[in-house]
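Since the structure comes first, as structure tokens, the remarks are kept for the end.
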Amino acid sequence: MILEILTIISGSIFGVITGIAPGMHINLLAILILNMNFDSKITALLILSIGIAQNFSEAIQTTIFNTPTPETALMPAQQMLKEGKGYCAIQKFVIGALFGTLIAIMISPILYFATKMIYDTLKEFTKLLLAAIIAILILKEKTAQKKIWAFIVAILAGIFGIIVLNSATKQPLFLMLSSLFGTSNLLNSLINRIKIPEQKITEEKNSFTKTTIASLGGVFSLLITSILPGIGGTQAAMLPSKILRIKNESYTALIGSIGTADFIISIITLATIHKARNGAVAIISTIIKPTTSNIITLFSAGLIIAGIATITTIILSKKIIQITNKIDYQKLPAIMMILLFIIGLIFSGINGPAIMITGTAIGILTLTKGLHRSNLMTCLIIPIILN
Amino acid sequence: MEQKHITAISLISILIGLATLYFTLPEKFEQTDIKIKGTIQSVEEKEKFTIISFKTKDVLHAITFDKTKVQKGDEIEIYGRLQEYNRKVEIIADKIVKK
């Protein structure tokens, strides 16, 4: 038992640290861990710990370093950063992630029976649902001119997604999302000389009810989307935010809940419909069976990981904000842009910067036309529809 | 909900997780079934089980507790679970199919 607990603790802390670093995704780390030939129990617990913990600290990556993941791409973190509420954004995301884990585990018996039923009902309509999501995104723009531009951006991002995802480039998701949502935003800050104020580390009160509703919305939408092939966390976030009218700060908690609940629901879908959308859970499934006994152990570990990751991420975010407050925030976008292009070059050679320049251009077009950034999610949705 | 409440919820979550783990942690995780193809090198019948050595890329040992009619040179497909014994990986065969 001691070895297992030490694995969970060290995996959680390592996960929080690697969650901050762009490109250190759990799918990449899981393959490395798999090749280390640990005992199957240790391997599974280590992958789970790092994977869940990374979801907590991705809030820091998205808010401070402007490098979103598929789950955090639409997080309103940048807006909150401009208001000096970067710490608040991270805190709300982390609370959402904690609640998402706890709620998904608490209602896992319901989810167990619901997954198979929903899967059988909805599997025929996946592409239709995705097409409807694109139409809603475009029609959501207020003026006719904006709707036309949203259509153009959606098509451009879709073509961009098809080319990047079908190329032999390494880390295509990182390059695509970092450029569409990250470097474009950083460049926009530089061009418009957007001033980022000093970030306040204040203990804001969070509404228990609002956070619970947002996290519940995240878990239930994920229940529908996670059993449909290809629909990701961000698409999942769109449903409850529209239906439950979840906005701004609660939306941050909702996005937090989706990342962690994805692990719990993927473990359940593995047992019920033999599918796991989450990459790390799919890797775990190659070494252990989703039996009741194994699932209970993984969920128990999930509770420990969520607790450790919450406390660690909040402490770490305070330290990072204190450091970034000392440096000239106006220089940070330029530093981050250079860093991201270097990472892109290391990962994917000359293809990396080429993809990032294209993605940045499409992202900038979205920002200059004042469109919702959710239109850019067609980079993931259109390739799935056409697949 | 203030920061201290979040910390308290996190600590309760850790404690519940530890308690559940203490009572439910299995000795070993039940492993995923594997399927592996190979050519038999030798068949050694023991009193209660049979050891089959077969070649894939490397030579592996499979243990079966059922009576089997396979022999050296047979092309087989084994369904079973991986197990570590004496610091070596072996397969506990649930089913052996002659190709």
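Bear in mind these aren't lab numbers, they're just calculated from the coordinates by the rules spelled out. The model shown is predicted, which means the values in this text are computed figures rather than measured ones. Ideal geometry is used to build each Cβ from the backbone, glycine not excepted, and the neighbour counts take in all protein chains shown.
I need the semi-axes of the equivalent ellipsoid of the stretch A:1-133: take the C-alpha gyration tensor, multiply each eigenvalue by 5, square-root it, list largest first in whole angstrom.
Values: eigenvalues 136, 127, 48 Å².
Semi-axes (√(5λ), whole Å): 26, 25, 16.
Taking only DSSP H segments of four or more residues, each worth -39500 (n - 2.57), what value at 222 nm results for the protein assembly as shown once the sum is divided by all its residues, to the nearest 500 deg cm²/dmol?
Numbers: 19 runs with 306 residues, N = 486.
Mean residue ellipticity at 222 nm (helix-derived): -21000 deg cm²/dmol.
If each residue's Cβ is checked for other Cβ atoms within 10 Å, how do B:Phe65, A:Phe220, A:Phe93 rank with the fewest at the top? List each step's numbers first, then the result.
Values: B:Phe65 11, A:Phe220 23, A:Phe93 32.
Fewest to most other Cβ atoms nearby, the residues stand as B:Phe65, A:Phe220, A:Phe93.
What do you get for GluC sites (Glu not before Pro) in the stretch B:1-55 restricted to DSSP loop and a cutoff of at most 11 other Cβ within 10 Å of the site's Cβ? Show your work: numbers first, answer last.
On the way: sites: B:Glu2, B:Glu27, B:Glu30, B:Glu44, B:Glu45, B:Glu47; in loops: B:Glu2, B:Glu27, B:Glu30, B:Glu47.
Answer in residue order: B:Glu2, B:Glu27, B:Glu47.
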How many percent of Cα pairs in the stretch B:1-84 exceed 14 Å? 73
Mean shadow area of the stretch A:301-387, taken as a quarter of the surface of its Cα convex hull (nm²): 9.7
Shielding of A:289-297 by partners, i.e. mean partner chain Cβ atoms within 10 Å per residue? 4
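What list do you get for A:Leu367, A:Leu186 if you sort them by fewest beta carbons within 10 Å? Each step should come with its number before you reach the end.
Values: A:Leu367 16, A:Leu186 25.
Ordered by Cβ neighbours within 10 Å, fewest first: A:Leu367, A:Leu186.
Does the stretch A:64-165 classify as rounded, prolate or oblate by the C-alpha gyration tensor (a ≥ b ≥ c root eigenvalues; a/c under 1.5 gives rounded; else a/b over b/c gives prolate, otherwise oblate)? Don't skip to the end; give the middle numbers.
Numbers: a/c = 2.17, a/b = 1.09, b/c = 2.00.
Oblate shape, in that a/c is at least 1.5 and b/c is the bigger or equal ratio.
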Using Cα-only point scatterers and the Debye equation, what is log10 of I(q)/I(0) for chain A at each q in 0.06, 0.08, 0.09, 0.11 Å⁻¹, rounded to two decimals? -0.21, -0.38, -0.48, -0.74
I want the antiparallel fraction of DSSP beta bridges within the protein assembly as shown, as a percent rounded to 5. 90
What pairs in A:Lys41/A:Lys318; A:Lys82/A:Lys326; A:Lys147/A:Lys331; A:Lys200/B:Lys4; B:Lys35/B:Lys69 have C-alpha atoms more than 24 Å from each other? A:Lys41/A:Lys318; A:Lys147/A:Lys331
What nm value, rounded to one decimal, do you get for the distance between B:Val59 and A:Ile31 when each label is placed 7 Å out toward the C-beta? 3.3
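As a test, work out the antiparallel percent of DSSP beta bridges whose residues both lie in chain B, rounded to the nearest 5. Let's see the in-between values first.
Values: 28 of 31 bridges.
Expressed as a percentage, antiparallel bridges in chain B total about 90.
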